[in-house]
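What follows is one structure encoded as structure tokens, with my remarks underneath.
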Amino acid sequence: MATDPIRFADGAGYERYMGVWSQLAGAAFLDWLDPDPGLRWLDVGCGNGAFTELLVARCAPASVHGIDPSDAQLAFARARPLSHVAEFRQGDAMAQPFPDNAFDAAVMPLVIFFVPDPAKGVSEMVRVVRPNGAVTAYAWDMSGGGFPYEALHEELRAMGIAVPVPPSSSASRIDAMCELWRGAGLEAVQTRSFAVRRTFADLDDYWTTILGAPSVGGKLAAMTPADRGLLRERLSSRLQADARGRITCAALANAVKGLVRK
């Protein structure tokens, strides 16, 4: 069943829906990466700057350039207090607007499954990173059920509602990422998976968050009140709250890193 493409046109909505998740996974990713300070970074598919903000706060970069195709996301990123270090511009992961060897490190945070040709996106990162520099990424394990809102997607599909999926979902499998990195000629390729958890204040908090989802928010708005009520009931039964009403959800991200040949 065909579905509409996922569009990112609301930086604030994305921040609540996915930005928090991005930073949770990004923190574990940076712990594993353990980069040196003072590097020149490229953030490919920077979106609204959620990971960029984390990178600046934790890694003391010399500079960060972020590219993304969405003007709305970039506007939100530029409003973050990062202007002393980060610069954002519109750009395509498969045709990056930078010269060869311009960066010490590049990262794709929650992006590779949105790139129509993931191998081209990785080769472009290799091109713009200097010899012995790092090319890295982390992404939700989409095919392994690691997406943070997999429960929501499963309930929608059970109701006969098609859920939009990224065009290259299989690229986020850990074996696929390893193959992409080695296929691009990167050396010392390593992979890791990270389990992360996020707690919502209650079902209302979760529900309001998913209403702003770039993937299914429009579909939720288009449902009849009866169907929305049914979906909420199904989610309430599935997402068990603790004694204080809080709901904790889990997700799984896969990560990869490699070095450009000297």
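The values are calculated or read from the model by the stated rules, or taken from the named source; none is laboratory data. As the structure is a prediction and not an experimental result, all values here were calculated from the model. Heads up, the Cβs are rebuilt from the backbone with ideal geometry, glycines too, and the neighbour counts pull from every protein chain shown.
Overview of values
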{"item": "Top-ranked residue of segment 98-132 - restricted to ones that are of a type in the set (D, E, K, R) and part of a loop (DSSP other than H, G, I, E, B), ranked as farthest from D43 (Cα to Cα)", "result": "D117"}
{"item": "First in segment 76-89 and β-branched (V, I, T), second anywhere and in a strand (DSSP E or B), Cβ under 8 Å, 6 or more apart", "result": "V85/S63; V85/V64"}
{"item": "Which numbered condition E155 misses (of (1) modelled with pLDDT of 95 or more; (2) under 19 Å from W32 (Cβ atoms))", "result": "(2)"}
{"item": "Every residue from segment 164-194 that is surrounded by 17 or more Cβ atoms within 10 Å (Cβ to Cβ), in a loop (DSSP other than H, G, I, E, B) and under 18 Å from the mean Cα position of the chain (by Cα)", "result": "P164, P166, S168, R173"}
{"item": "Selected residue (criterion: modelled with the lowest pLDDT) from residues of segment 195-217 that are over 20 Å from M142 (Cβ atoms) and part of a helix (DSSP H, G or I)", "result": "L211"}
{"item": "Near pairs, Cβ below 9 angstrom, 6+ apart or cross-chain, from segment 173-192 (at positive phi) to any residue that is assigned to a helix (DSSP H, G or I) and not hydroxyl-bearing (S, T, Y)", "result": "G185/V126"}
{"item": "Check on E154, of a type outside the set (A, V, I, L, M) and free of Cβ contacts under 8 Å to residues at least 12 places away in the same chain", "result": "yes"}
{"item": "The one condition in (1) small (G, A, S); (2) in a strand (DSSP E or B); (3) under 19 Å from the mean Cα position of the chain (by Cα) that A77 fails to fulfil", "result": "(2)"}
{"item": "Candidate set from segment 137-163 (those that are over 18 Å from the mean Cα position of the chain (by Cα) and not hydrophobic (A, V, I, L, M, F, W, C)); member that is surrounded by the fewest Cβ atoms within 10 Å (Cβ to Cβ)", "result": "G160"}
{"item": "Residue in segment 217-234 that is of a type outside the set (S, T, N, Q), in contact with a helix residue (DSSP H, G or I) (Cβ under 9 Å, 6 or more places away or on another chain) and exposed (fewer than 12 other Cβ atoms within 10 Å of the Cβ) present", "result": "yes"}
{"item": "Of all residues in segment 13-31 being touching a Leu at 6+ places or on another chain (Cβ under 8 Å) and without any contact (Cβ under 8 Å) to a residue 40 or more places away in the chain, the one that is nearest to C249 (Cα to Cα)", "result": "Q23"}
{"item": "Residue within segment 203-211 that is of a type in the set (S, T, N, Q) and over 30 Å from D34 (Cα atoms) present", "result": "yes"}
{"item": "Among residues of segment 50-74, those that are free of Cβ contacts under 8 Å to residues at least 24 places away in the same chain, out of contact with any strand residue (DSSP E or B) (no Cβ under 9 Å at 6 or more places or on another chain) and not in a loop (DSSP other than H, G, I, E, B), counted", "result": "1"}
